[in-house]
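Trainee: Just passing along the structure, written as structure tokens.
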Amino acid sequence: MADIRPFLCIRPAEGKAAAIAALPYDVYNRREAKAETEKNPDSFLKIDRAETQFDDSVDTYDECVYKKAHDILWGMVSNGDFIREEKPCYYIYELTMEGRVQTGLVACASIDNYETGVIKKHENTRAEKEADRIRHVDACSAQTGPIFLAYRANAVIREVVGRVKEGVALYDFTSEDHIRHRVFRIDSMDDIARIKEAFAGIGEIYIADGHHRAASAVKTGKMRRQQHPDYTGEEEFNYFLSVLFPDEELMIMDYNRVVKDLGQDTPDAFLEKVRRIFDVAELGQAARPQQKGQVCMYLAGKWYQLLVKEGDQSSDPVEGLDVSLLQKLLLEPVLGILDPKTDARIDFVGGIRGLGELERRVNEDCAVAFAMYPTSIGELFAVADAGKLMPPKSTWFEPKLRSGLFIHEI
């Protein structure tokens, strides 16, 4: 049973949302984050990445950085840049990208649901990345970046969300990357009860994006439980900030691969090895794969279509993923890339950057590129349901949720 509840939101004051809303903290490196905060001093990045407020001699993970994040956040609340809601509500967060609309429900999810597997993951997390966000959440006593969750579409939730969206939005703005953002509040007690009950009848919720933020929020909540052994389970630290999207509205983009060299092979020798593994056809121009089991390769100025042979396909939810097949059939045995998580010879390019970026990388600093067919949301669900984990860089979600529009104080 999924426990998805409304919460007392801290959110931007009227007229402030567009300036405050920022892409997730991990989209930027330090230099890029600093440039963004210099360009837009109101950006929430100054809280999510408070090292931007210091010169480069200060370590990103210094204690003073987390204290600065706390001070800026609560200073902005005190001076009226943010407002506090008077009662727990749900919110609707609609994002429109190139005409495609996806609508999420902003709420708080239970850390117990995460612990018991009602909220399912498909990626491992790294302790050092968790540690940073644990310190950030703990220092701020607030969750500032929502976790992107997915669920199987539900008629009750669809009806309530659709009806509320017919009203007036709290925020309606278009960000620099041409994404339109609209936010609505669900404050009717009847609607809140119906949504809460609908989620209680949903057996599984899935982490789509934000595994490190989720793990950090859960671990911070467990720390607070240790600090408050008389906790009841109703305290805010027992829940974490989320945006939940129905599976029918989500689109996963391709997550492509580039490799820096061909080992000892010439392009012709490498292509001959590829022909032994896949059914290969030369293409006249750049192209994306059109179906599962198809990969497009850019090598020595030419594009090729690679088809996985029937005997190499797999019904296993992980082994059957296109990214797994490429790794097993080609990257490991031919190019010697044993662990794509750690091998410096491989890099990953999000589909949002387009095929031109793959060509640029091969022309400048790589030897070969592979354009992948996107992993489907159904494949993501199947991997999580099987209790398995996807290979690294299997999914790329767009558009990205903005931080700073919703804050959950713990």
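The values are calculated or read from the model by the stated rules, or taken from the named source; none is laboratory data. Being a predicted model, the structure only gives us computed values, none of them experimental. So basically every Cβ, Gly included, is an ideal-geometry build from the backbone, and we count neighbours across all protein chains shown.
Trainee: Please count how many residues of the stretch 163-174 are β-branched (Val, Ile, Thr) and either within 21 Å of the chain's Cα centre (by Cα) or surrounded by 15 or more Cβ atoms within 10 Å (Cβ to Cβ) (or both).
Mentor: Initial filter on the stretch 163-174 (β-branched (Val, Ile, Thr)): 164, 168, 174.
After this cut, where a residue has to be either within 21 Å of the chain's Cα centre (by Cα) or surrounded by 15 or more Cβ atoms within 10 Å (Cβ to Cβ) (or both) as well, the list is 164, 174.
Count: 2.
Trainee: Of all residues in the stretch 348-401, which are β-branched (Val, Ile, Thr) and under 28 Å from Asp265 (Cα atoms)? Before you say what the answer is, go through the steps one by one.
Mentor: Here is the first cut: in the stretch 348-401, the residues β-branched (Val, Ile, Thr) are 349, 352, 362, 368, 375, 377, 383, 395.
Answer for the stretch 348-401, where residues must be β-branched (Val, Ile, Thr) and under 28 Å from Asp265 (Cα atoms): Val349, Val362, Val368.
Conditions (1) without any contact (Cβ under 8 Å) to a residue 12 or more places away in the chain; (2) over 23 Å from the mean Cα position of the chain (by Cα); (3) within 30 Å of Gly210 (Cβ to Cβ), marked per residue:
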| site | (1), (2), (3) |
| --- | --- |
| Leu250 | no, no, yes |
| Arg257 | no, no, yes |
| Ala286 | no, yes, no |
| Cys296 | no, yes, yes |
| Tyr304 | no, yes, no |
| Gly311 | yes, yes, no |
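Trainee: So, in the stretch 244-285, of the ones that are modelled with pLDDT under 95 and of a type in the set (A, V, I, L, M), which residue ends up nearest to Gly350 (Cα to Cα)?
Mentor: By that ranking, first place goes to Met253.
Trainee: Now, a different point. Name the residues in the stretch 294-339 that are aliphatic (A, V, I, L, M) and more than 14 Å from Val258 (Cα to Cα), would you? Before the answer, list the steps.
Mentor: First, pick out the residues of the stretch 294-339 that are aliphatic (A, V, I, L, M): 295, 297, 299-300, 306-308, 318, 321, 323, 325-326, 329-331, 334-335, 337-338.
Once the filter is applied, which keeps residues that are aliphatic (A, V, I, L, M) and more than 14 Å from Val258 (Cα to Cα), the stretch 294-339 yields Leu306, Leu307, Val308, Val318, Leu321, Leu325, Leu329, Val334, Leu338.
Trainee: Give, as residue ranges, the strands (runs of 3 or more DSSP E) completely inside the stretch 329-410 that count at least 1 residues that are more than 22 Å from the chain's Cα centre (by Cα) and of a type outside the set (Asp, Glu). Step through it out loud before you land on a result.
Mentor: Numbers: elements: 346-350, 368-371, 407-409.
Hits in the stretch 329-410: 368-371.
Trainee: How many residues does the stretch 175-206 contain that are hydroxyl-bearing (Ser, Thr, Tyr) and either touching a helix residue (DSSP H, G or I) at 6+ places or on another chain (Cβ under 8 Å) or crowded, with 17+ Cβ neighbours inside 10 Å (or both)? Outline the logic, then answer.
Mentor: Step one: list which residues in the stretch 175-206 are hydroxyl-bearing (Ser, Thr, Tyr), which gives 175, 188, 206.
Subsequent filtering for residues that are either touching a helix residue (DSSP H, G or I) at 6+ places or on another chain (Cβ under 8 Å) or crowded, with 17+ Cβ neighbours inside 10 Å (or both) retains 175, 206.
Count: 2.
Trainee: Please work out which residue is nearest to Arg11 (Cα to Cα), limiting yourself to the stretch 61-79 and to residues that are in contact (Cβ under 8 Å) with a residue 40 or more places away in the chain and among the hydroxyl-bearing types (Ser, Thr, Tyr).
Mentor: Tyr66
Trainee: For the subset of the stretch 27-42 comprising residues that are under 21 Å from Asp209 (Cβ atoms) and surrounded by 17 or more Cβ atoms within 10 Å (Cβ to Cβ), which member is modelled with the lowest pLDDT?
Mentor: Keep residues of the stretch 27-42 that are under 21 Å from Asp209 (Cβ atoms), which gives 27-29, 32-33, 36.
From the residues that got through so far, the ones that are surrounded by 17 or more Cβ atoms within 10 Å (Cβ to Cβ) too are 28, 33, 36.
On the way: Tyr28: 87, Ala33: 93, Glu36: 94.
Looking at residues that are under 21 Å from Asp209 (Cβ atoms) and surrounded by 17 or more Cβ atoms within 10 Å (Cβ to Cβ), I get Tyr28.
Trainee: Checking the structure you have, find out if any residue of the stretch 165-186 is in contact with a Cys (Cβ under 7 Å, 6 or more places away or on another chain), assigned by TED's automatic domain parsing to the domain that holds Glu51 and in contact (Cβ under 8 Å) with a residue 24 or more places away in the chain.
Mentor: Initially, the stretch 165-186 is screened for residues in contact with a Cys (Cβ under 7 Å, 6 or more places away or on another chain), giving 185-186.
Applying the additional criterion that residues be assigned by TED's automatic domain parsing to the domain that holds Glu51 yields 185-186.
From what is left, the residues that are in contact (Cβ under 8 Å) with a residue 24 or more places away in the chain are 185-186.
Taking every residue of the stretch 165-186 in turn, at least one turns out to be in contact with a Cys (Cβ under 7 Å, 6 or more places away or on another chain), assigned by TED's automatic domain parsing to the domain that holds Glu51 and in contact (Cβ under 8 Å) with a residue 24 or more places away in the chain.
Trainee: Looking at Gln327, Gln313, which is the one that is closer than 19 Å to Met390 by Cα and touching a Gly at 6+ places or on another chain (Cβ under 8 Å)?
Mentor: That would be Gln313, the only listed residue that is closer than 19 Å to Met390 by Cα and touching a Gly at 6+ places or on another chain (Cβ under 8 Å).
Trainee: Which of the residues spanning the stretch 37-60 are more than 24 Å from Glu130 (Cβ to Cβ), over 26 Å from the mean Cα position of the chain (by Cα) and touching a residue at least 12 places away in the same chain (Cβ under 8 Å)?
Mentor: Correct list: Asp56 only.
Trainee: Out of curiosity, is Leu306 closer than 25 Å to Glu379 by Cβ and assigned to a strand (DSSP E or B)? Lay out the reasoning, then the answer.
Mentor: Details: closer than 25 Å to Glu379 by Cβ: yes; assigned to a strand (DSSP E or B): yes.
Yes.
Trainee: Residue by residue through the stretch 179-219, note down the ones that are within 23 Å of Lys393 (Cβ to Cβ) and polar (S, T, N, Q).
Mentor: Ser216 - this is the single residue of the stretch 179-219 that is within 23 Å of Lys393 (Cβ to Cβ) and polar (S, T, N, Q).
Results for (1) at pLDDT 95 or above; (2) buried (at least 20 other Cβ atoms within 10 Å of the Cβ), shown as yes or no for each residue.
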position	(1), (2)
Glu85	yes, no
Ile92	yes, yes
Asp112	yes, no
Lys129	no, no
Ala142	yes, yes
